[in-house]
Every structure is written in structure tokens, then in C-alpha cells.
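The values are calculated or read from the model by the stated rules, or taken from the named source; none is laboratory data. Note that the coordinates shown come from a computational prediction; the quantities given were computed from them, not determined experimentally. Neighbour counts run over all protein chains shown; Cβ positions are idealised from the backbone, glycine included. The protein model used for the area step is the full one, side chains on, heavy atoms only, and it has no ligands, DNA or RNA in it. Shrake-Rupley method; radii C 1.70, N 1.55, O 1.52, S 1.80 Å.
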Amino acid sequence: MDSPSRSSVIVVGAGISGISAAKVLAENGIKDLVILEASDRIGGRIRKENFGGVSVELGAGWIVGVGGKESNPVWELANEFGLRTYFADYSNVRYNIYDRSGKIFPRGIAADSYKKAVESAIQKFWNEEDVGGSDNGSTSKTDPPSTPLELAIDFILHDFEMAEAVPLCTFRDLGKSEFSVADERGFDYLLYKMAEDFMFTSEGKILDSRLKLNQVVREILHWGSGVRVITEDGCVYEANYVIVSVSIGVLQSDLVAFKPLLPGWKLEAIQKCEIMVYTKIFLKFPYRFWPTGPGKEFFIYAHDRRGYYTFWQQMENTYPGSNILSVTLTNGESNRVEAQADEDTLREAMEVLRDMFGPNIPDAIDILVPRWWNNRFQRGSYSNHPIIPNTQLVHDLRLQ
């Protein structure tokens, strides 16, 4: 092993939480720190990639919660650094639902089904809260969605927003508006601007020796009066403290071993939080064949299998003239698609598009399929809080 390198603090992970933690430490005079990142870049699940001549966001792509009584700090950063965004208008999504014959469901039928789904979701939420807290016997059952239209709307309400079918809002005071990121510099541009405040950078690149890329942390040991961190390639780092900012999915996996083992209450908190898989697949076409204009950014495919290539977005608002479509999958469908060849995914997606727009549409000329679940440094897209009657779980997660 290499000789141990000693610091005041080691930060494991250079996603937005890791970079933010390091920035706060530096601002408070703790500059003797090291950031260990497993991949070859910063950003974590904020990740852009060039596709079809434009920069697409494979992970985080929206700023959610804008216009409320409290200011969204991410929105403030986006405005400060001039990140290009546009308002994501979902108000007409329910009126752009296609059946398998290519017909759009009538507005009245779609609106009625949507209203019932919202009422069912609210009832389910309160039923879950009663189970988690004090059950007063007043819970009532709601019929699960069963028709292709009901399944599609259920997916819109829950999976597209949260990747699971539980309606929870953790940002209600920040506002209801959402804005899509549409900047060639990428969403991760905000992280580089944050890093500039406390790290040495040049021409948009972080050259600070305190940032160690391609350092896969495998062991974190409580060592004497501090901690010892050992990486996959045998590097050893020592510090007084360590901040672990990896995803819940990574914590639930066997990538990082803690010695001694974490206490039972901490392990329980980790296991109770769920990591969701949220996959945005991008397809490039030689020309546009889908409807465009106001209220046409999003369209839905109603299938008798829930979540089967359901939620589509045409990228004209994001990148005009790009001729790119995006389709969102979650959890089970995401895992299935991650395990198969991209050629099979392309074939399935084209069958769905031809159901909606007819047999004469052109073949896609390229496809991009992110694989968040099979990425051992991520093991999912994002975590959702389980329905709990108090904040103890969150407290236990962050407690040392």
C-alpha cells in the first residue's frame, strides 16, 4: 500500500452533495480536505452526454419547485450563472394520450380518468399515512388502475415525477413550477461554478490536487482518533473525519465496507430508504414526424402493460431542430431494458412509435440508453423518502 495521506476531512463522492459539503467546509476555514470520486468526472447523477449533435441530460434534467414562498437554491444558482432553462408545461399531457391504434383519447374521457386517478392517489396517500401512524379505522380501499388509459395516467401522476406510485411532495414551499435545463454547457456547469469558489480551476477544468478522480473507495475504517479510507487500487487516505455522500443505492450495495460495522439503527435507516431507477432513453431521427407547438411537448402511449414506453417528450423546446425524442422508463421496465441490447430497445421503441404515428415513420438513426442501475457507482437514479410519521429516519441517515 502507498503511504497514508493525512487530511482534516475526506469527502467520498463528488456529486452535488459532495461538492456542496466541501464548499461549506472550505468557506468555514477547513481547506485541508480531500474529495475522492470513483468515476472520471464530478457530478454524480448530474451527467450530460453529446448525442445527435446536442448535449442531453442523462440524469437530473429539471429544476423542480420554483415560484413558491421559499426560494429554491438550485434555481438561484441557475439564474446566477445564466443557465438556459424553459418552463415545463405538463398541463396538456392528459390530452395527448394515444391508444395502440394511434387515436388520441377524447378530452372528456381523459379528463375524467385523470380526475379519478388524482382522487385515488390522495386516498392512497392518506391510507398509507394511517398505516404508518395512528390507524383510526377510517381507511378505505380504492380500485387499482386496470385499463390502458388508467395505467398510463397512473404512470404520469407517479412514476414520471417520482419513479414510484406514492404521491409525496418534499418541496411544497418552493413552488409547483418546473423548469427543464436546456443548456449546452450542461446541468453540471453549476457544479463547476460552485467548485471555482474553493478549488483551483482553469478554463472550466478543476486542476486542484485535492480532487482525486478514479478513486473507488472500498473500505472506511474507524482508525484511532480518526478514519482511514482505502481505495480499490490500494491507496490509503487518513483524516480526522469522513463525509460519505454516495447514493442510498451504493450504501445498500457491498461496494463500500465500514469497519467496524455501522450500528443497527443506521443500517435500518439505509435499508428503509428506497432507490428508484429512472431511465431517459433518447432517439435521434432524420426528420420530425410528431406533432409540435403549444401543448404538444409531451405525449403518452397507453398500453396494457404499465410503464411500457409510456411517457414521451419531443425535444424541440430544448433543442430546436434536433429531431430527438425522449421516452421515460422506471424501475422494473428500466431494469429490463438495462439488461437487454440497445438494438432490442430500439426495436421495441419503434414498434410503439409506429402504433402511435403509423407504419411509414422513419427509423431512428441512433439511440442512447443510460444504465443507472448497473452502474456500481450509482445503483439507481434517486431516492424517495418512505411514508413515515416523523423525521427520525432522515435524522438517523445523516447522524454520524
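Using only C-alpha positions, report the orientation-averaged shadow area of the convex hull of the range 1-97, nm², one decimal.
Mean orientational projected area (the range 1-97, Cα hull): 10.9 nm².
What's the FRET efficiency of Phe81 with Arg371 using the Cβ-Cβ distance as r and R₀ = 41 Å, to the nearest 0.05?
So the FRET efficiency works out to roughly 0.90.
Anyone know which of Gln313, Gln271, Gln252 comes out most mobile in the 10 Å Cα GNM of the chain?
Gln271
What do you reckon, how do Tyr114, Tyr309 stack up by accessible area (1.4 Å probe), largest on top?
Tyr114, Tyr309
On C-alpha positions alone, give me the angle between the axis of helix 342-357 and the longest principal axis of the chain, in degrees, nearest 10.
Helix 342-357 sits roughly 30 degrees off the main axis of the chain.
Under a Cβ-Cβ cut-off of 13 Å, what is the net charge of the residues other than Asn96 that fall near it, where Lys and Arg count +1 and Asp and Glu count -1?
Working: positive: Arg94, Lys103, Arg107, Lys296; negative: Asp89, Asp99, Glu297.
With Lys, Arg at +1 and Asp, Glu at -1, the neighbours total +1.
Which value results when the Cα radius of gyration for the chain is divided by 2.2 N^0.38 Å?
1.06
What FRET efficiency comes out for Ser8 versus Arg100 if R0 is 35 angstrom and r is the Cβ-Cβ distance? Round to the nearest 0.05. Working shown, then result.
On the way: r = 60 Å, r/R0 = 1.72.
Using R0 = 35 Å, I get an efficiency of 0.05.
Which is the longest run of the chain containing none of the trypsin sites (Lys or Arg not before Pro) found in DSSP loop states (not H, G, I, E, B) with at most 11 other C-beta atoms within 10 Å?
Longest stretch, sites excluded: 142-304.
Report the residue, chosen from Phe282, Phe299, Phe357, that carries the largest GNM mean-square fluctuation when the chain is represented by alpha-carbon nodes joined by springs under 10 Å.
Top of the fluctuation ranking is Phe357.
Calculate one ³J(HN,Hα) per residue across the range 323-331 by plugging θ = phi - 60° into the Karplus curve 6.51 cos²θ - 1.76 cosθ + 1.60, and present them in order as whole Hz with x for glycine and proline.
With coefficients 6.51, -1.76 and 1.60, one gets 6, 10, 10, 10, 10, 9, 10, 9, 6 Hz.
As a test of the formula, what do you get for the chain when each DSSP H run with n ≥ 4 contributes -39,500 (n - 2.57) and the sum is divided by the residue count, at 222 nm and rounded to the nearest 500 deg cm²/dmol?
Value at 222 nm, helices only: -8000 deg cm²/dmol.
In nm, to one decimal, how far is the modelled label at Glu268 from the one at Asp233, with both set 7 Å along Cα→Cβ?
With each label placed 7 Å out from Cα toward Cβ, I get 4.1 nm.
Measure up Lys124/Lys272; Lys69/Lys115; Lys48/Lys284; Lys69/Lys193; Lys31/Lys193; Lys48/Lys205 against 22 Å on the Cα-Cα distance and list the ones that go over.
Numbers: Lys124/Lys272 20 Å; Lys69/Lys115 27 Å; Lys48/Lys284 16 Å; Lys69/Lys193 26 Å; Lys31/Lys193 18 Å; Lys48/Lys205 15 Å.
Beyond 22 Å: Lys69/Lys115; Lys69/Lys193.
What's the extension gain from Asp32 to Glu196 if we count 0.36 nm per residue and subtract their Cα-Cα distance?
Details: separation 164, 0.36 × 164 = 59.04 nm, distance 1.64 nm.
Extra length available between Asp32 and Glu196 comes to 57.4 nm.
So which GluC sites (Glu not before Pro) in the range 205-271 are both in a DSSP loop and have at most 11 other Cβ atoms within 10 Å of their Cβ?
On the way: sites: Glu219, Glu232, Glu238, Glu268; in loops: Glu232.
Qualifying residues, ordered by number: none.
Under a plain spin-label model, where a point goes 7 Å from the Cα along Cα-to-Cβ, how far apart in nm are Gln123 and Ser209?
6.6 nm
To the nearest 10 square angstrom, how much accessible area does Phe87 have with a 1.4 angstrom probe?
100 Å²
Antiparallel versus total DSSP beta bridges in the chain: what percent is that, nearest 5?
Of all bridge pairs located within the chain, approximately 70 percent are antiparallel.
Between the range 78-101 and the range 196-219, what's the alpha-carbon centroid distance in Å?
Between the Cα centre of the range 78-101 and that of the range 196-219, the gap is 34 Å.
Assigning unit charges at the beta carbon (Lys, Arg +1; Asp, Glu -1) and nothing else, what dipole magnitude in debye, to the nearest 20, does the chain show about its Cα centre?
With Lys and Arg at +1 and Asp and Glu at -1, about 140 debye.
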